[in-house]
Amino acid sequence: MKITDKTALIVVDVQNDFCPGGALPVSAGDSVVSILNRYADLFVRSNAPIYATRDWHPENHLSFKERGGPWPPHCVQGTEGAEFHPRLTLPKNATIISKGTDPDREAYSGFQGTDLTERLKRQRIERLFVGGLATDYCVKNTVLDALNAGFETVLLEDASRGVEVQPGDSEKAVEEMKKRGASVATIDQIDPPG
Ligand code: VGL
Ligand code: ZN
């Protein structure tokens, strides 16, 4: 698989709260960091754009338990938990997409309530490589929305981990993404740049 200037990398929600020690930890969530750094390096060397989404909730977000939602408070704007993992090395020109900022709306997908589609179309991007946290929520919804928006979409399986509220949720999510037309890749399948 080749990275061209029509390919973008979407790094999904690699934030402290989704890593061990955070408010809504994904088991071994931090294990995606070093592999995503390798993907990011390949994209930089290929002059291909990198986007990083972040869950960026107000304090009173409807997904939080005190408002009847399913989750403990997490990724509250301006807190350390909402920061990207300290070992994630994104280039300075990476585009950050904040989502879930409306207190009254859930937004698992990086496309929901953001200008991500317009930005990608403006850059003439045709294919997306998507990895991060969590496979069974934000990665899944981002991949499905990408397919709906007409992008050829590749799930980076070695760079994604799930919350697994129920065991097997990640595997189910991967099956659903594939059924809807996503392909799946690992880093050994990417052609070296140049
Ligand atoms: C996510 C649960 C709640 C995610 C975000 O990034 O997958 N999961 N908010
Ligand atoms: Zn959230």
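For this structure, a couple of remarks:
- Part-to-part distance (alpha-carbon centres) for region 12-41 and region 101-125, which is given in Å: 21 Å
- Mean-position separation - Cα centroids, region 136-194 and region 61-93, in angstrom: 21 Å
- Loop sites in region 1-80: GluC sites (Glu not before Pro), DSSP, at most 14 other Cβ within 10 Å: Glu59
- What a 1.4 Å probe finds exposed on region 93-194 is 43% carbon and sulfur by accessible area, rounded to a whole percent.
- Antiparallel content of DSSP bridges confined to the chain, in %, to 5: 5 percent
- Placing pseudo-labels 7 Å out from each Cα toward the beta carbon at Thr79 and Glu176 gives an inter-label distance of 2.6 nm.
- Backbone HN-Hα couplings from phi across region 125-140 [Karplus 6.51/-1.76/1.60, Hz, Gly and Pro as x]: 6, 10, 10, 10, 10, 10, x, x, 10, 10, 3, 8, 10, 6, 5, 4
- You can think of it this way: the chain between Ala28 and Ala149 has 40.5 nm of extra reach, that is 0.36 nm per residue less the Cα-Cα gap.
- For region 1-69, accessible area per residue (1.4 Å probe, heavy atoms of protein chains only), Å²: 40 Å²
- Database remark: amide H of Ile97 closer than 5 angstrom to the amide H of Ala52, Thr53, Arg54 (H placed geometrically; neighbours at sequence offset of 5 or more, or on other chains; Pro and chain starts carry no H).
- Between the amide H of Glu164 and those of Asp136, Ser170, distances stay under 5 Å, these residues lying 5 or more places away or on another chain, with hydrogens modeled in the peptide plane.
- Rounded to whole Hz, the Karplus (6.51, -1.76, 1.60) HN-Hα couplings of region 181-194, x for glycine and proline: x, 6, 9, 10, 9, 10, 5, 5, 8, 8, 5, x, x, x
- For region 83-179, the solvent-accessible area works out to 50 Å² per residue, with a probe of 1.4 Å and every protein chain left in place.
- Amide hydrogen neighbours beyond the local backbone of Asp158, cut-off 5 Å, H modeled: Ile187
- Check: region 56-194 dipole with +1 on Lys, Arg Cβ and -1 on Asp, Glu Cβ, in debye: 360 debye
- Surface accessible to a 1.4 Å probe, Leu116 within the full protein complex, Å²: 0 Å²
- Shape box of the chain [Cα atoms, principal axes, largest first, Å]: 51, 33, 31
- Loop trypsin sites (Lys or Arg not before Pro), region 71-150 (other Cβ atoms within 10 Å of the site Cβ: 10 or fewer; DSSP): Lys92, Arg124
The values are calculated or read from the model by the stated rules, or taken from the named source; none is laboratory data. Source: prediction; values computed, not measured. Positions of Cβ are generated from backbone atoms using ideal geometry, with glycine treated the same way; all protein chains shown enter the neighbour counts. Calculation scope for accessible area: heavy atoms of the full protein, side chains included, ligands and nucleic acids excluded. Shrake-Rupley method; radii C 1.70, N 1.55, O 1.52, S 1.80 Å.
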